[in-house]
Amino acid sequence: MLQSHYDYIIAGAGCAGLSLLMRILQQNELQQKRILLIDETEKERNDRTWCFWEKEESFFETIVFQSWDKLQFYSDDFSSEFSIAPYSYKMIRGIDFYRHCFAVIRQSPNVDFHKGKIDRLFSDATTGIVTGGKTITADYVFNSILFGKPELKKKDVWLLQHFKGWLVETETPVFNVAAATLMDFRISQKNGTAFCYVLPSSPTEALVEYTLFTPALLQPHEYDEGLENYLRAFLGLKSFTVKESEFGVIPMTNHRFANRHNRIVHIGTAGGQTKGSSGYTFSFIQRHSKQIAENLARQEQPFVAGSPKRFHFYDSVLLQVLDNHLVEGEEIFATMFRKNKPQEVLAFLNNTSSFATELKIISTLPILPFFKAAMRQMM
């Protein structure tokens, strides 16, 4: 039975909403808070996979499905396998994440889960949601739902990272479990920046994803053709079984998403927690969720500043370069990994690098096209 008022409403039971809820439930000071979690689905499918890198144990370490200390990178001009210690590259399956979170939620007497669509958010004299014609108020609403493409400004770039993945099984051992393929650019670039990555969980099983950075989606059959070609031409597979399939779309943009509206706090992609130039989200969500929960526990407002502004500028420049085809994505990422330590590149992509490291990495990229893109952003 839904109440008319909660302390917190969490809109969306995806990565951001569930991560925040799990962080809140960890705080002793917040154990008595009444919380409503609402989503259109009950999260019972293995619909996505999250990958991230970190030096320490993850908050969700118990459900890390696989991790690697070595990564592989391939392009036409540069290929390498490198150790990323002290980092580990980690993979969490969606179904494991959902089951873990909901097992905790079901043991939490002050949390209600409601399956339903949110018709509207509001925050004026009061704050809350409207769902199924019912109005429910809260002290704060934490919203992870992107209700539509935002209105872009003059300097905003809007690309899509779209991907399809197959969980592939082979009859004979073919996969190197010791290393994950972070990016393989040897595939056709006719549609724009495109690469595959391979996450092996056993010698006979791996998740293989076909990923593109482009303004528009492909036709459904084109993703299948891209995966099929990669598996046969580059991995040398003559026969395989597709056990599972996943598909996703993430905005790659320098648009500044509002982090809040009055007492509505935006989280996840809707709150600007997706890395604009790469699409990585999981680590940013974890840092954001942790800070929000700690603020709430200290009885402070849950309004958290993002990464330093210089990282937004870097993302903006790179997106300008990609959108205007000043330098192809393959060349950009190949140059970064060829001319810099992988640990430095990973810190740079995670917005945790030092300014000195950032200058070093930037200095290895093609100067003129990046300078032109930077000037467009500053004018």
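No value in this document is a laboratory result; all are computed from the given coordinates. Not measured: the values here are computed from a predicted model. Positions of Cβ are generated from backbone atoms using ideal geometry, with glycine treated the same way; all protein chains shown enter the neighbour counts.
Data table
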| quantity | calculated |
| --- | --- |
| Simple Cβ-charge dipole of the chain, Lys/Arg +1 and Asp/Glu -1, about Cα centre, in debye nearest 20 | 1060 debye |
| Residues with amide H under 5 Å from that of Ile10, placed H, sequence gap 5 or more | Leu36, Leu37, Ile38, Phe142 |
| Relative contact order (%) - criterion: Cα under 8 Å, at least six apart; region: the chain | 19 percent |
| Relative contact order [Cα under 8 Å, 6+ residues apart], the stretch 167-318, whole percent | 17 percent |
| Residues Thr41 and Thr62, FRET efficiency given R0 of 25 Å [Cβ-Cβ distance, rounded to 0.05] | 0.55 |
| Residues Met375, Met252 arranged by fewest to most Cβ contacts within 10 Å | Met375, Met252 |
| Gaussian network model of the chain, springs between alpha carbon atoms under 10 Å - residue of Glu44, Glu331, Glu228 with greatest fluctuation | Glu44 |
| Square roots of 5 times each gyration tensor eigenvalue, C-alpha, the stretch 309-378, largest first, Å | 18, 14, 10 |
| Arg310 paired with Asn28, simple spin-label distance in nm, labels 7 Å along Cα-to-beta-carbon | 3.9 nm |
| Helical contribution to [θ] at 222 nm, DSSP H n ≥ 4, -39,500 (n - 2.57), averaged over the chain, rounded to 500 | -9000 deg cm²/dmol |
| Antiparallel %, DSSP beta bridges [both residues in the chain], to 5 | 70 percent |
| Members of Lys33/Lys149; Lys155/Lys360; Lys290/Lys339; Lys33/Lys164; Lys275/Lys341 lying beyond 30 Å, as alpha-carbon distances in this model show | Lys33/Lys149; Lys290/Lys339; Lys33/Lys164 |
| Pair Asn262, His221: separation of 7 Å Cα→Cβ label points (nm) | 5.1 nm |
| Ranked list, fewest to most other Cβ atoms within 10 Å of each Cβ, for Val130, Val208, Val327, Val141 | Val130, Val327, Val208, Val141 |
| 0 to 90° range, to nearest 10: angle between helix 220-233 axis and the chain longest Cα axis | 40 degrees |
| Efficiency of FRET between Ser354 and Asn176 - r from beta-carbon atoms, R0 25 angstrom, step 0.05 | 0.15 |
| Check: the stretch 292-359 dipole with +1 on Lys, Arg Cβ and -1 on Asp, Glu Cβ, in debye | 260 debye |
| Chain lengthening between Glu81 and Phe371 when straightened (0.36 nm per residue, less Cα-Cα) | 101.3 nm |
| Debye log10 I(q)/I(0) at q = 0.07, 0.08, 0.13 Å⁻¹ for the chain, Cα point scatterers | -0.33, -0.43, -1.13 |
| Sparse-neighbourhood loop sites, GluC sites (Glu not before Pro) in the stretch 74-175 - DSSP loop, at most 12 other Cβ within 10 angstrom | Glu151, Glu171 |
| Per DSSP, loop trypsin sites (Lys or Arg not before Pro) in the stretch 69-147 with at most 13 further Cβ within 10 Å | Lys117 |
